[in-house]
1. Quick one: which residue in 129, 165 is surrounded by fewer than 19 Cβ atoms within 10 Å (Cβ to Cβ), in a loop (DSSP other than H, G, I, E, B), out of contact with any helix residue (DSSP H, G or I) (no Cβ under 6 Å at 6 or more places or on another chain) and on the phi < 0 side of the Ramachandran plot?
2. Is region 59-74 home to any residue that is closer than 21 Å to residue 266 by Cβ, modelled with pLDDT of 95 or more and either touching a strand residue (DSSP E or B) at 6+ places or on another chain (Cβ under 7 Å) or assigned to a strand (DSSP E or B) (or both)?
3. Read through the list (1) at pLDDT 95 or above; (2) closer than 23 Å to residue 288 by Cα, then give the number of the only condition that residue 203 fails.
4. Within region 272-296, can you find the residues that are assigned to a loop (DSSP other than H, G, I, E, B) and under 12 Å from residue 210 (Cβ atoms)?
5. Do you know which residues across region 303-316 are crowded, with 20+ Cβ neighbours inside 10 Å and either over 18 Å from residue 258 (Cβ atoms) or out of contact with any strand residue (DSSP E or B) (no Cβ under 8 Å at 6 or more places or on another chain) (or both)?
6. Mind counting the residues in region 99-122 that are closer than 16 Å to residue 38 by Cβ and either modelled with pLDDT under 95 or touching a strand residue (DSSP E or B) at 6+ places or on another chain (Cβ under 6 Å) (or both)?
7. Can you find a residue that is at pLDDT 95 or above and either in contact with a strand residue (DSSP E or B) (Cβ under 7 Å, 6 or more places away or on another chain) or over 26 Å from residue 286 (Cα atoms) (or both) anywhere in region 225-238?
8. Tell me which of these residue 266 doesn't satisfy, since it passes every other one: (1) surrounded by fewer than 21 Cβ atoms within 10 Å (Cβ to Cβ); (2) touching a strand residue (DSSP E or B) at 6+ places or on another chain (Cβ under 9 Å); (3) part of a helix (DSSP H, G or I); (4) in the same structural domain as residue 216 (by TED's automatic domain parsing).
């Protein structure tokens, strides 16, 4: 196959942990050709196809100069066997526009994973609303008084912005309600911005588990991202420690209920965030943790992914 990765700049990759890099490495190992571009390189003109200035690359195996650029040229997306949208969050306006360009490329014959319309239809924090049976008490609102009532009911809560990533903007408020008013003002900007509020789940001390689902099937190990020191955030970007562990029965139950349904909608790869027995987020834009799970358990997550990608391309 000839695979195009739409991603962040290659020069910014941290290859020792980057999931997109691990996908590229497995694809090249199988003899597939690799190209890359950034969302800003996507272009459409009336009477023409969606195209991009792409870089054909070869992985070198070196830690420093990890890729060699073989050539750079403008090419229609439909000329690739698969286009992988791997741009990291946030899901901002430019990401949104990129999904529309990718959807147009689909209409022209491109095969895009994850499906652009499905990326738009499953915002990572709000997608859990479809599966309330797995969710801890949660409130989505712009109303400050609703947040205060929710706090009174549950005592200890977590507040977070809907467009946050990597643990940014997350606040914990205890039963005393200290600084709750100021936090609400900061996050929802006097009612201008919708926020999410969830009952604090004490099992966060054991980690915020990332459960990967590929082609509707769960990877049998999660990565528990464990908060360090006085932190409440387990996100690796916020200093959490990643510990791989077998999925629990509850993890499997959640993955088996959600995974096949979202796979049918064109989401080849998703990441479920689970704290204790509760689903907290569904990540669809650029799920990570391939390398950490593979290194700690020996289970080859990139192999499972490229197997699923090859099967999906062959089936279309």
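The values are calculated or read from the model by the stated rules, or taken from the named source; none is laboratory data. These figures come from a predicted structure and were not determined experimentally. Note that each Cβ is placed from the backbone with ideal geometry, even for glycine, and that neighbours are counted across all protein chains shown.
1. 165
2. Scanning region 59-74, I find no residue that is closer than 21 Å to residue 266 by Cβ, modelled with pLDDT of 95 or more and either touching a strand residue (DSSP E or B) at 6+ places or on another chain (Cβ under 7 Å) or assigned to a strand (DSSP E or B) (or both), so the answer is no.
3. (1)
4. Matches in region 272-296: 287, 288, 289.
5. Scanning region 303-316 gives 306, 309.
6. Qualifying residue count, region 99-122: 3.
7. No, the conditions are met nowhere in region 225-238.
8. The failed condition is (3).
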